[in-house]
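Undergrad: Sharing a structure here in structure tokens format.
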Amino acid sequence: MVYWRNDNIIIRNMKQSDPQIICDEEIMQGWQSTAGKYETRLKDQSDGKAVSLVAEYMGNVAGYINVYINSEWGAFANMGYSEIVDFGVLEKFRKKGIGTALMDAAEKIAAEHSDTIYLGVGLHSGYGSAQRMYVKRGYIPDGSGVWYGSKVCEQYADCINDDDLNLYFSKKLR
């Protein structure tokens, strides 16, 4: 299914060939990646738990985003809210409107199921552009503080500034 399209960008459902393409591209740009993560997103999509989207830019896989309709994780777990999980645009395709198109499509899908969407964003500098984008789009911190893995990081606790250290944000959609 196609969710959005212009002259250069198509936002569509993830398909079987996409996980390996995404993984290979992420590895080429120096990221740690495994196709298994994206294969899990495909399974969750086929099980009706998520909508997994891919952006194509001029025919090339360029980015991805996943919307979990009633997420079971994080600050708003099991509250009937949709969560954005694993959102990324490959570096060579950035600054072309792909991230905005993916977010617009994800928010539109989420709005069909709930009035609120949420996400967890990493705190290290690799997430800097995402942090700014979410704030510009109207996402606000949930107030629960920093999470590490699947739970709130206790005040004054030691933590590691890796991909598991997150702050949750939410946005009212309607």
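The values are calculated or read from the model by the stated rules, or taken from the named source; none is laboratory data. This one's a predicted model, so the numbers in the text were calculated from it and none came from an experiment. As a convention, Cβ positions derive from the backbone with ideal geometry for all residues, glycine included, and neighbour counts pool all protein chains shown.
Undergrad: Quick check on Leu173: is it farther than 23 Å from Asn8 by Cβ and of a type in the set (A, V, I, L, M, F, W, C)?
TA: When the stated conditions are applied, Leu173 passes them.
Undergrad: Suppose we filter Asp44, Asp104 for residues that are more than 25 Å from Lys136 (Cα to Cα) and within 16 Å of the chain's Cα centre (by Cα); which single one remains?
TA: Asp44
Undergrad: Considering only region 135-158, I want to know if a residue exists there that is within 23 Å of Met28 (Cα to Cα), modelled with pLDDT under 95 and of a type outside the set (Val, Ile, Thr).
TA: no
Rundown of residues vs (1) out of contact with any helix residue (DSSP H, G or I) (no Cβ under 9 Å at 6 or more places or on another chain); (2) surrounded by fewer than 21 Cβ atoms within 10 Å (Cβ to Cβ); (3) within 29 Å of Val152 (Cβ to Cβ), yes/no style:
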| site | (1), (2), (3) |
| --- | --- |
| Gly36 | no, yes, yes |
| Asp47 | yes, yes, yes |
| Leu53 | no, no, no |
| Gly59 | yes, yes, no |
| Glu83 | no, no, yes |
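Undergrad: Identify all residues within region 147-167 that are in a strand (DSSP E or B) and among the aliphatic types (A, V, I, L, M); write none if there are none.
TA: Once the filter is applied, which keeps residues that are in a strand (DSSP E or B) and among the aliphatic types (A, V, I, L, M), region 147-167 yields Val152, Leu165, Leu167.
Undergrad: For region 90-102, how many residues meet the condition of being among the aliphatic types (A, V, I, L, M) and closer than 19 Å to Lys171 by Cα?
TA: The total comes to 2.
Undergrad: May I pose another question? Considering only residues of region 121-174 that are free of Cβ contacts under 8 Å to residues at least 60 places away in the same chain and basic (Lys, Arg), which is nearest to Ala75 (Cα to Cα)?
TA: Out of the qualifying residues, it is Lys151.
Undergrad: Let me ask another. Identify all residues within region 103-146 that are over 24 Å from Leu173 (Cα atoms) and outside any loop (DSSP other than H, G, I, E, B); write none if there are none.
TA: Once the filter is applied, which keeps residues that are over 24 Å from Leu173 (Cα atoms) and outside any loop (DSSP other than H, G, I, E, B), region 103-146 yields Ser125, Gly126.
Undergrad: Identify the residue in region 1-43 that is of a type in the set (Val, Ile, Thr) and either in a helix (DSSP H, G or I) or at pLDDT 95 or above (or both) and, among all such residues, is farthest from Arg94 (Cα to Cα).
TA: This residue is Thr40.
Undergrad: Please indicate, with yes or no, whether at least one residue in region 13-33 is among the polar types (S, T, N, Q) and within 18 Å of Ala105 (Cα to Cα).
TA: Within region 13-33, one or more residues are among the polar types (S, T, N, Q) and within 18 Å of Ala105 (Cα to Cα).
Undergrad: Among the candidates Ile9, Ile22, Ile98, Ile69, single out the residue that is over 15 Å from the mean Cα position of the chain (by Cα), among the aliphatic types (A, V, I, L, M) and buried (at least 17 other Cβ atoms within 10 Å of the Cβ).
TA: Sole residue among the options that is over 15 Å from the mean Cα position of the chain (by Cα), among the aliphatic types (A, V, I, L, M) and buried (at least 17 other Cβ atoms within 10 Å of the Cβ): Ile9.
Undergrad: Let me ask you something else. Taking the residues in region 136-163 that are under 15 Å from the mean Cα position of the chain (by Cα) and not aromatic (Phe, Trp, Tyr) as candidates, determine which candidate is nearest to Val85 (Cα to Cα).
TA: If we take residues in region 136-163 being under 15 Å from the mean Cα position of the chain (by Cα) and not aromatic (Phe, Trp, Tyr), then Asp163 is nearest to Val85 (Cα to Cα).
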